[in-house]
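Asker: Here it is, the structure in full.
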Amino acid sequence: MSHEQRFLRPNVIIEPLVDRFYAWLHTVAPVQASMNLAFRQLPNLESYLQSPQMHVAASNNPDLRGGYFINIAEERADEVRDLVAAIKRDRAPMLRFAEAVMRADALVRDEAAGFDLTPLYPRLPDELNGVVEIAYDTGNQPTVRFMEPLAYRSGAYAEQRQSVQLSLEPGVERPFVLSTPRLPGPDKLDLDLALRHGGLDELFAARLRPTTVARLREALEVPDEQVAQLERLLTDAPGQSEDRHIEAGGRVRYYGHACVLLQSPDAAVLTDPFINCDTNSTGRYLLNDLPDHIDLALITHGHQDHTVLETLLQLRGRIGAVVVPRTSRGNLCDPSIGLYLKTIGFNVIEADDFDEVELPGGKVTATPFLGEHCDLDIRGKSTYWVELAGKKFFIGADSSGIDPVLYRYVRADLGRADMAFLGMECDGAPLTWLYQPLLTRPVTKKMSDSRKLSGSNAEQAAGIVTELGAGEAYIYAMGEEEWLGHIMATSYRPDSYQLQQVEVFLGWCADNGVKAEHLLGQREWRW
Ligand SMILES: [Fe+2]
Ligand SMILES: [Fe+2]
């Protein structure tokens, strides 16, 4: 039985976890993970224990969608209590590190007044010794800079936090993942594996090539009592789409949100990989529609809907390299996307603006990304220019048209884009929704609400298209597809500002001879 050939079922999902919370850049990168654990996740768990009913009610209130509430039934509160105790016991170094960051920030704020900084080093908290540098900018504003590769080697990074939970996609909207820890369940396969564990690549290779239960048991170190859960994930039927490769010309397939596959017979480029697994749904491409090999995966920025580990992990063994924007190397708000992905086993290429990456019969150029990060000093963001199968594509993600002249530089260097993909989520979440745990000084609600995670509105999108001289404009990355609610938690109504702005922009395109479309779900272009 355990030697029969098996494929992975098409609707298998993986949730990468750290201390049972959903793993993403800010919960894995050590400095930011420590801050999130100390100042958001642990306080939230303690608040839940005070009033589980309030958390469950708030989680199910549509008006509070995307709020940081814990959606665990009161009957399981004891498991949450155990989790709190384990975090306090096992993650004490991370919690101390987070407190040390706050103390260092206060020290520097109070004492660095433009004079020599040498006397401050002995006064830094011990936890930060060797992993930070204090520096002024040229306006005498002091800041603490983190040497991230060293932080990964410090007590702030604990690989033992990591695990994965595998299950079959339920076919209904998954609960919001950023706030609620994932508890074990009878229909889940929980494996205590580091995210870089090679057994995961062997598991996901079984989408393409059959394997045996025995092999996977060994590769994934599955304990005897969980073998039945492993077997549930497997099938004897291959599930790959027949038309996943092309023989001639070029093809673009839109997979939803910011995920676009650009293909020639010789190469494939996938942007911001985030792919649904729900095989009950129609009208969207799924993982089994992807070509067997993806030369480059392009990551535009670190937001949880663009650097999506649950999709990336499934493709790790099939991606030649992940291209990521180079970050600032040490800003508290700007963890290195490259280091994060490299540490968990990806082959990574870090690119600065106008750096080029070759691919068979084509080329990718990293281009600048403006705004959409609440005016924080975050450089870990890039748009991309892709030349493939005789066409030029601009992958704009959430980059803002707040200063469209930027795109004039892109055009001067690279020419005119045949197809431009632009994000128009122009009324995003406020500063504190994503960044609160990293803020070392309080912000007022008014400040936070004035600094949103917003892409381009109609006027800004029109500015981008004008400067790029793009012949075709496609609106994407709006977070509208219902299958991504677990990550995005966006809720649109027909009269939402964003959708109205899309209509205004489409009207502008029609008046100005630009072919334009609002993408949703699935779309294919072939030439
Ligand atoms: Fe974003
Ligand atoms: Fe986005």
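What follows is calculated from the coordinates using simple rules that are stated; it is not laboratory data. What you see is a predicted model, and the numbers here were worked out from it, not measured in a lab. No Cβ is skipped: glycine too gets one built from the backbone with ideal geometry, and neighbour counts run over all protein chains shown.
Asker: What full-extension length gain, to one decimal in nm, is calculated for A86 and L376 as 0.36 nm per residue of separation minus the Cα-Cα distance? Don't skip to the end; give the middle numbers.
Answerer: Values: separation 290, 0.36 × 290 = 104.40 nm, distance 3.33 nm.
Once the chain is fully extended between A86 and L376, it gains 101.1 nm.
Asker: So what is the relative contact order of the stretch 282-399, in percent, for Cα pairs below 8 Å that sit 6 or more residues apart?
Answerer: On the way: 206 pairs, mean separation 26.9, N = 118.
Taking the mean separation of contacting Cα pairs over the length of the stretch 282-399, I get 23 percent.
Asker: Taking a ≥ b ≥ c as the square roots of the eigenvalues of the Cα gyration tensor of the stretch 222-328, is the shape rounded (a/c under 1.5), prolate (a/b larger than b/c) or oblate?
Answerer: Oblate, because a/c is 1.5 or more while a/b does not exceed b/c.
Asker: At a threshold of 8 angstrom on Cα-Cα distance, excluding pairs fewer than six apart, so keeping six or more, what relative contact order does the chain reach in percent?
Answerer: Working: 1079 pairs, mean separation 81.7, N = 527.
Worked out over the chain, it gives 16 percent.
Asker: Work from the charge dipole of the chain (Cβ charges, +1 for Lys and Arg, -1 for Asp and Glu, about the Cα centre) and give the residue of A516, P93, T118 farthest towards its positive end.
Answerer: T118
Asker: Give me the percent of Cα-Cα pairs in the stretch 185-273 that sit more than 22 Å apart, rounded to a whole number.
Answerer: Working: 1815 of 3916 pairs.
Across the stretch 185-273, Cα pairs with separations above 22 Å total 46 percent.
Asker: Given K381/K452; K392/K515; K452/K515, which pairs have Cα atoms separated by over 20 Å?
Answerer: Details: K381/K452 16 Å; K392/K515 15 Å; K452/K515 29 Å.
Over 20 Å apart, Cα to Cα: K452/K515.
Asker: By counting other Cβ atoms within 10 Å of each Cβ, how are I475, I344 ranked from fewest to most? Display every interim value, and only then the final one.
Answerer: Details: I475 27, I344 21.
Result, fewest neighbours first: I344, I475.
Asker: Roughly how many nanometres apart are two label points built 7 Å out from the Cα toward the Cβ at E218 and I246?
Answerer: 4.1 nm
Asker: Follow-up. List the residues, sorted by chain then number, that are 5 or more residues from V322 or on another chain and whose placed amide H is less than 5 Å from its amide H.
Answerer: Here the answer is A297, N347, V348, I349, since their amide H atoms fall under 5 Å of that of V322.
Asker: Note the full-extension length gain between R103 and A228 as 0.36 nm times their separation in residues minus their Cα-Cα distance, in nm to one decimal.
Answerer: Numbers: separation 125, 0.36 × 125 = 45.00 nm, distance 4.92 nm.
Here the segment from R103 to A228 would lengthen by 40.1 nm.
Asker: Also: At a Förster radius of 25 Å, what calculated FRET efficiency corresponds to the Cβ-Cβ distance of D427 and K515, to the nearest 0.05?
Answerer: Working: r = 26 Å, r/R0 = 1.04.
Efficiency at R0 = 25 Å is approximately 0.45.
Asker: In the P(r) worked out for the stretch 69-148, what percent of Cα pairs fall beyond 16 Å?
Answerer: Values: 1913 of 3160 pairs.
Tail of the P(r) past 16 Å holds 61 percent of the pairs.
Asker: Could you give the nm distance between label points at D352 and Y409, where each point is 7 Å from its Cα heading toward the beta carbon?
Answerer: 1.2 nm
Asker: If you don't mind, there's one more thing I want to ask. Can you pull the one-decimal nm distance between simple spin-label points at N280 and V172, each 7 Å off the Cα toward Cβ?
Answerer: 0.8 nm
Asker: Nothing charged except the Cβ atoms of Lys and Arg (+1) and of Asp and Glu (-1): what's the magnitude of the dipole of the chain about its Cα centre? Round to the nearest 20 debye. Could you put the intermediate results ahead of the total?
Answerer: On the way: 52 positive and 75 negative charges, 83 e Å.
The dipole magnitude comes to about 400 debye.
Asker: Looking at the chain, what % of the alpha carbon pairs are farther apart than 30 Å? Walk me through the intermediate numbers first.
Answerer: Numbers: 69590 of 138601 pairs.
So the pairs more than 30 Å apart make up 50 percent of the total in the chain.
Asker: Let me ask something else about it. If I take the Cα coordinates of the stretch 422-527 and project them onto the principal axes, what are the three extents in Å, biggest first?
Answerer: 51, 31, 27
Asker: Something else now. Starting with the fewest neighbours, write out R196, R161 ranked by other beta-carbon atoms found within 10 Å of each beta-carbon. Walk me through the intermediate numbers first.
Answerer: Details: R196 16, R161 22.
So the ranking, lowest neighbour count to highest, is R196, R161.
Asker: If you don't mind, another one. What's the ranking of 507-519, 318-330 by average number of surrounding C-beta atoms within 10 Å, highest first?
Answerer: Numbers: 507-519: 14.7, 318-330: 20.7.
Packing proxy ranking, top to bottom: 318-330, 507-519.
Asker: Also, I was wondering about something else. If the chain between H3 and Y136 were fully stretched, how many nm would it gain, using 0.36 nm times the residue separation less the Cα-Cα distance?
Answerer: Details: separation 133, 0.36 × 133 = 47.88 nm, distance 6.31 nm.
Taking 0.36 nm per residue and subtracting the Cα distance, the gain is 41.6 nm.
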